[in-house]
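Notes to accompany the following structure.
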Amino acid sequence: MAMTITEKILAAHAGCDEVRPGQLIEARVDVALANDVTAPIAIAEFEQLGIEKVFDPDRVILVPDHFTPNKDINSAEQAKVVRDFSRRQQLTNYFEQGRVGIEHVLLPEQGLVLPGDLIIGADSHTCTYGALGAFATGVGSTDLAAAMATGKAWFKVPESIKLVYHGTPGPWVEGKDLILYTIGRLGVDGALYQSMEMQGEAIEKLPMYGRFTMANMAIEAGAKNGIITPDEITLDYVRERSTRDYHLFFSDPGAEYVYEMDIDVSRIKPQVAFPSLPENSRAVAAAVEQGITLDQVVIGSCTNGRIEDLRLAAKVLQGKKVAPYLRLIVIPGTQAIYLQAVREGLVEIFVEAGAVFSTPTCGPCLGGHMGILAAGEKALATTNRNFVGRMGHPESEVYLSNPAVAAASAVLGRIASPEEVVS
Amino acid sequence: MIYQGKAWKFGDDVDTDAIIPARYLNTSDPKELAKHCMEDADPEFMQKMRVGDIIVADKNFGCGSSREHAPMAIKAAGIACVVAATFARIFYRNAFNTGLPILEAGEAAAEIKSGDELRIDTMTGRIENLTTGKTYQAKPIPPFMQELIDDGGLMAHISKKSKTS
């Protein structure tokens, strides 16, 4: 029977020849991931089980990236719980501050998540790894604790929707714009419980970093996972990094989808998602027209903290200055990206422009630290959520965009199109 | 279980940052989390609500983050159960795993108003609005989820399975 890529990966991990949407399965997980916010609860749950060892110390991965470097005493205590557990369990993949990166940038970079994998993470943006042709989904700490103990998790096989992107993107249009546009079309619960399969010629030409951005935000449409068919671009990325064997899965012709949506990317302009839902996306011109002045711009996160994102921001910022009274905070996704940005001279461009360049952290994206907003302040961020209070005070506002729009806006002090800054 | 309490009505897409803002996630102590339950949706919620009250919301309740702190905060605040038109996927799982009773009931969510007195039977899914006299039927809980509840949550379910296998 014809199956989608998601169904095939789930079937392979459940030891079944086939699975159907709606079916409940127990499946083997290749990686179980948690961070400094979600791991402490998972660890407490795990320890209550009375099981001594995690199912596999290579495959339980703990990444303290949210409130690190420890922002206060409570955060330090939580990070310590994660560190002590990792040491006790002798986890291969615990990342200390100075080596840690934002989990969903770090794991692919380190070759720890691979095509065909089944990955669960106690973080909703775990769906990022779908960009590699893996099944990856966010779970809570208790589900994660169960997987840490047993190496398994239960799933309801999701229905799939097929999103077909065709055409050639215009100037300054990135993966971020395609996904913000898509969420605008679907709504924040448009793909609830479903798998978002993204394909078409525009995706086939999209580099890995753009694919990560798109899969990353599948959760913002409520999806269980986002997934992209693996191809040469995937293999080029994975070949030099993989730490173990991997498998390529492809949707069969005739696989069932709840519906298909065609998206002509040549008609998509750089997008801005207005407060306070990612579905409020509009062409940047709409924001420019309104003259939205900004107090802060953040470039980074698991959505847009990759080297290509920083290059794009640097291209716009080169030789320019950040607007007076505006804070521009640039955060690389990992230490490797940090180093690369130093070597390529990007950091020099950021610092000379008057930006803050930070160590990798989720920090401001979730209103944790490193750039919190006061009441009434407005920020434009390359992050993934603009909920009420997401970056600080409940009366602050967050807009979302790609790194080029963010950089241009930092220069002009208001939401701006890159074309206004770069000729 | 049968719960009786006052309804607190919220709208669409109540996200986990509204349920428990990330700025308070530097602890996983349920009592600390409960102090800030629903703070960014209604800053006075914790002063107004009483133990045993019921949250009623429209579509996609609990969207956003995977933080289990969200159902933990609601439960520790003393909310008896949550009724919504629909729940976001991860929140739905987390609620069962942490033992917070939740019910999907579109018509009830649309009609119940803040302050209505409700009586809810989580076993049958029957929701009575004692203020208006109207009754509603929630979607039945899937058998597998019911098994989790009966076993006392996911961890207890796993313990039981590892002992019987």
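The values are calculated or read from the model by the stated rules, or taken from the named source; none is laboratory data. The structure displayed is predicted, hence computed values, not measured ones. All Cβ positions, even for glycine, are placed from backbone atoms using ideal geometry, and neighbour counts span all protein chains on display. For accessibility, only protein heavy atoms count, side chains too; no ligands or nucleic acids. Shrake-Rupley method; radii C 1.70, N 1.55, O 1.52, S 1.80 Å.
Going residue by residue through the stretch B:138-155, is there one that turns out to be surrounded by fewer than 19 Cβ atoms within 10 Å (Cβ to Cβ) and touching a strand residue (DSSP E or B) at 6+ places or on another chain (Cβ under 6 Å)? Within the stretch B:138-155, one or more residues are surrounded by fewer than 19 Cβ atoms within 10 Å (Cβ to Cβ) and touching a strand residue (DSSP E or B) at 6+ places or on another chain (Cβ under 6 Å). The set of residues from the stretch A:363-412 being open to solvent by 10 Å² or more (accessible area, probe 1.4 Å), at the interface with chain B (Cβ under 10 Å from one of its Cβ atoms), under 13 Å from residue A:329 (Cβ atoms) and in contact (Cβ under 8 Å) with a residue 40 or more places away in the chain comprises A:365, A:369. For the stretch B:96-127, a residue qualifies if it is crowded, with 23+ Cβ neighbours inside 10 Å, at pLDDT 95 or above and within 14 Å of chain A (Cβ to nearest Cβ), and the qualifying residues are B:102, B:109.
Within the stretch A:31-52, residues that are within 7 Å of chain B (Cβ to nearest Cβ) and among the charged types (D, E, K, R) sit with their Cβ atoms under 7 Å from residues that are part of a helix (DSSP H, G or I) and surrounded by fewer than 24 Cβ atoms within 10 Å (Cβ to Cβ), at 6+ positions apart or across chains, in these pairs: A:45/B:155. Restricting the stretch A:164-191 to residues that are assigned to a loop (DSSP other than H, G, I, E, B) and not small (Gly, Ala, Ser) leaves a set whose member that is nearest to the other protein chains (Cβ to nearest Cβ) is A:189.
Yes/no matrix, rows are residues, columns are (1) touching a Pro at 6+ places or on another chain (Cβ under 9 Å); (2) within 14 Å of another protein chain (Cβ to nearest Cβ); (3) open to solvent by less than 40 Å² (accessible area, probe 1.4 Å):
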| position | (1), (2), (3) |
| --- | --- |
| A:194 | yes, yes, yes |
| A:208 | yes, no, yes |
| A:215 | no, no, yes |
| A:232 | no, no, no |
| A:240 | no, no, no |
| A:248 | yes, no, no |
| A:255 | no, no, yes |
| A:268 | yes, no, yes |
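Before we move on, is residue A:6 open to solvent by less than 30 Å² (accessible area, probe 1.4 Å), polar (S, T, N, Q) and closer than 25 Å to residue B:143 by Cα? Judged against the criteria, residue A:6 is a match. Scanning the stretch A:171-191 for residues that are farther than 24 Å from residue A:305 by Cβ and open to solvent by 30 Å² or more (accessible area, probe 1.4 Å) yields A:185, A:189.
In the stretch B:12-28 there is no residue that is away from every other protein chain (no Cβ under 14 Å) and either open to solvent by 20 Å² or more (accessible area, probe 1.4 Å) or out of contact with any helix residue (DSSP H, G or I) (no Cβ under 6 Å at 6 or more places or on another chain) (or both). Taken over the stretch B:4-40, the criterion of being without any contact (Cβ under 8 Å) to a residue 40 or more places away in the chain and within 24 Å of residue A:191 (Cα to Cα) is satisfied by B:18 alone. Within the stretch A:21-30, the residues that satisfy the criterion of being open to solvent by 60 Å² or more (accessible area, probe 1.4 Å), within 12 Å of another protein chain (Cβ to nearest Cβ) and assigned to a strand (DSSP E or B) are A:24, A:26.
Residues checked against (1) within 23 Å of residue A:71 (Cβ to Cβ); (2) among the acidic types (Asp, Glu); (3) in a loop (DSSP other than H, G, I, E, B):
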site	(1), (2), (3)
A:332	yes, no, yes
A:361	yes, no, yes
A:368	yes, no, yes
A:379	yes, no, no
A:384	yes, no, yes
A:389	yes, no, yes
A:411	no, no, no
A:419	no, yes, no
A:423	no, no, yes
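If we keep just the residues of the stretch B:63-95 that are open to solvent by 10 Å² or more (accessible area, probe 1.4 Å) and in contact with a Pro (Cβ under 6 Å, 6 or more places away or on another chain), which is nearest to residue B:12 (Cα to Cα)? Of everything passing the filter in the stretch B:63-95, B:72 is nearest to residue B:12 (Cα to Cα).
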